[in-house]
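The values are calculated or read from the model by the stated rules, or taken from the named source; none is laboratory data. All values derive from a computational prediction rather than experimental measurement. All Cβ positions, even for glycine, are placed from backbone atoms using ideal geometry, and neighbour counts span all protein chains on display. In case anyone asks, the SASA skips ligands and DNA or RNA and just uses the protein heavy atoms, side chains included. Shrake-Rupley method; radii C 1.70, N 1.55, O 1.52, S 1.80 Å.
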Amino acid sequence: MTPVPGVVLASIPSPGENVLHLGPLPLHMYGLMLAVGVLVAAKIAEKRWVARGHAAKEFSDLVVWLVVGGVIGARLYHVATDYQLFTDDPLRAFRIWEGGLSIWGAVIGGVVAAVILTRRRHLDLADLLDSAAPGLAVAQAIGRWGNWFNQELFGAPTKLPWGLEIDPANRPRGYTRYATFQPTFLYESLYCLALALALIWVDKRFRLANGQIFALYCAGYTAARLVFEEMRIDPAHTIGPLRVNAWVSILVFLGAVIAFVWLGRRARDRMAPPVVDDATGFQETGETP
């Protein structure tokens, strides 16, 4: 993509470093943003869980394991899909504060943990996922600012007033002569905040089946992620014309739409009164009265 001609009148500066030094303790901003996002998401999820008639202690007993499952899944997905980054230094796979956590892996890992925990403790899985959905979007909105500190995951060069300044050392090969780029981290952050608010509004405004809010979250996020993913210019594996994560977005979107429709139909079928045969007085299922 060729940048728009003209002089850059304004831009978004990038931080000079991504580490905050608290005395002898180095605090990586990427990790801090993730931690803040997780805490905020957990608080939102707990409030929604209680509002659905569950005990707060039930959620507090789950949250640590859900977070652990999400972090493990997020890192494993990133290492698996970008394995070439770790061949020279395998131990780097454990340095998550440097970046490299995938939302797909986080969701998969968190859902797997949720399935195991809710089955063992006889809790409602769909209610748990619905409670967590808006908080997950907020966590993503906060976590994306970690990419700003790391000067990563930006889009093509641009002359727009909100173009993101990137240091020469962090510009991809072939783009070193450009100074400002599309701030895809900001676009995704703002979108995720809007998505969280939309999910909360829909949940209050409409009577949806259990699990449909989570399906809406998956569909809503992946629809936008497909756009943001294709805007980025950082190196990535591709399958045909699209990046791998773009294909994942398409598949998850389709799966979420199918799940949303299926959950709605199943709920309506369960609520429908039994059909009685006028001639015999029996239900059409064939059961005898």
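Here are the numbers for this structure:
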quantity	calculated
Compactness index (Cα Rg / 2.2 N^0.38 Å), segment 88-199	1.36
Radius 12 Å from Cβ of residue 54, net charge of other residues (Lys, Arg +1; Asp, Glu -1)	-1
Segment 197-247: trypsin sites (Lys or Arg not before Pro) in DSSP coil with no more than 10 other Cβ atoms inside 10 Å	207
q = 0.09, 0.11, 0.17 Å⁻¹, the chain: log10 I(q)/I(0) [Debye, one scatterer per Cα]	-0.52, -0.73, -1.46
Using θ = phi - 60° and Karplus 6.51 cos²θ - 1.76 cosθ + 1.60, couplings along segment 72-77 (whole Hz; Gly, Pro as x)	4, x, 4, 6, 4, 5
Euclidean distance between Cα centres, segment 123-142 to segment 166-181, Å	36 Å
Alpha-carbon centroid distance for the pair segment 38-65 / segment 203-217, whole angstrom	17 Å
GNM flexibility winner over the chain from 245, 150, 170 (Cα, springs under 10 Å)	170
Cα-based helix-to-principal-axis angle, 244-271 vs the chain, degrees rounded to 10	20 degrees
Placed amide H near residue 232: partners under 5 Å, 5+ positions off or other chain	none
Computed helical MRE - 222 nm, the chain, DSSP H runs ≥ 4 contributing -39500 (n - 2.57), nearest 500	-20000 deg cm²/dmol
Contact order normalised by residue count of the chain, Cα under 8 Å, 6+ apart, percent	21 percent
Taking the convex hull of Cα positions in segment 1-154, its mean projected area over all directions (nm²)	13.1 nm²
Area of residue 28 that stays accessible when all protein chains are in place (1.4 Å probe, Å², to 10)	50 Å²
Degrees between helix 125-150 axis and first principal axis of the chain (Cα, 0 to 90, nearest 10)	0 degrees
Cut-off under 5 Å, modelled amide H: who pairs with residue 211 long-range	130
Cα-based reach from residue 43 at 25 Å (exclusive), listing lysines while leaving out same-chain residues under 8 positions away	57, 204
Distant-in-sequence amide H partners of residue 165 (H built 1.01 Å from N, under 5 Å)	12, 14, 181
